[in-house]
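Q: Just passing along the structure, written as structure tokens.
What follows is calculated from the coordinates using simple rules that are stated; it is not laboratory data. Please read all numbers here as calculations on a predicted model, not as lab measurements.
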Amino acid sequence: MKFSLFAHMERISESQDQRQLYKEFVELCQIADEGGMHAVWTGEHHGMNFTIAPNPLLNLVDLARQTKNVRLGTGTVIAPFWHPIRLAGEAAMVDIMTDGRLELGIARGAYNFEYERLRPGMDAWEAGQRMRELVPAVKGLWKGDHVLEGEFNSYPATTSAPLPLQQDGPPIWVAARDPNSHEFAIANGCNVQVTPLWKGDEEVRHLAETFDAACTKFADKPRPKLMLLMHTYVADGDGDAQQAAEELNRFYNYFGAWFMNKREIRKGLIKELTEEEIAAHPFYSPEAMSRDLVIGEPGAVIDRLKSYQAMGYDEYAFWIDSGMSFERKKASLERFISDVMPAFA
């Protein structure tokens, strides 16, 4: 099983300097590269200080100049916000500029906050259909002279300019949850990235089984890669692990507030949650975080990851976004590299 880092700039207060936050993001990616991790993933979000990532391709070009070996992935671009010709050409240019290190992750998106600003009136169903149109179009444009008569976009014969450096183009990853999404990815020659949300290892196993069922259904297609994305914290003791659970519980409460899209937002920052609101959440709690996320000392983390490897996961993405201080993120990542990864060498 390969290991990668999933990271963004996080800004939770107007007092935080954005340039400093970007420097910290780059340093975490450099630690991943120097520590022998397989890839770095960063996504796309708009107007949200919670996750600052307006165009991951820009970040990846910059990271290519500041790292040596790590693969560079979009985790993910939001399909409804891209025209196929634009995504195919820009991704191909990034592939050239990064010496063929690009991995292209694509998703339908998750936040209505973004939909109502960039695609007013669009719902999650339409977003999914736009993704299903975009993925084969990008692949076709990389092959050349592709014609599209689609529901959302149409164009005459067009070839991506430039063409990507990697033969057949960068690997494409589709963020998937339901069986139809898994089947779509496999039928279209894409790898699959899954993110369990709040049911712990039960959901991790279910997602692996959903992937396996889709592979069986499309047995004539090559089996793609399966990546598991999970919040992770490698602790140096019980107290440190408990603090991480409390910090991640706060993070998930804010994630839920952004997802619900009902709370006041000013200057890209959501109205602060009170301690009473956090404590009253119906299913987020520090105990739930300890159970459902990968939080613990190295031995416990190794045991959890060994079980995921046995389920068939090919890549494990260490999701470091957490609202924690940079120092705590860095210490956890360094412990992961030094104390966890060697068990899988």
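Q: Could you work out [θ]222 nm for the chain from helices alone, using -39500 (n - 2.57) per DSSP H run of at least four and dividing by all its residues? Round to the nearest 500 deg cm²/dmol.
A: -14000 deg cm²/dmol
Q: To continue, here is another question. May I ask you to work out the translational diffusion coefficient for the stretch 205-303 at 4 °C, viscosity 1.567 mPa s, via Stokes-Einstein with Rh from the Kirkwood sum over Cα pairs, reported in whole µm²/s?
A: Approximately 80 µm²/s, per Stokes-Einstein.
Q: If the reach is capped at under 25 angstrom between alpha carbons, list the lysines near LYS68, excluding any in the same chain fewer than eight residues apart.
A: Reachable lysines: LYS2, LYS23, LYS225, LYS329, LYS330.
Q: Considering the values [x] 18.7; [y] 29.5; [z] 16.9, which represents mean projected area of the Cα convex hull in nm² as calculated for the structure under consideration?
A: So the structure-derived entry is [z].
Q: Just from the alpha-carbon atoms, what are the Rg and Dmax of the stretch 297-345 in angstroms?
A: 11.6, 33
Q: Would you list which lysines come within 21 Å of LYS271, measuring only between C-alpha atoms, while excluding same-chain residues fewer than 8 positions from it?
A: LYS271 reaches LYS262.
Q: With an 8 Å Cα cut-off and a minimum separation of 6 or more residues, compute the relative contact order for the stretch 1-48 in percent.
A: So the answer I get is 55 percent.
Q: How far is helix 200-217 tilted, in degrees, relative to the longest principal axis of the Cα atoms in the chain, given as a value from 0 to 90 rounded to the nearest 10?
A: The helix 200-217 is inclined about 20 degrees to the chain.
Q: Still on this model: Given an 8 Å cut-off on Cα distances and at least 6 residues of separation, report the relative contact order of the chain as a percent.
A: 19
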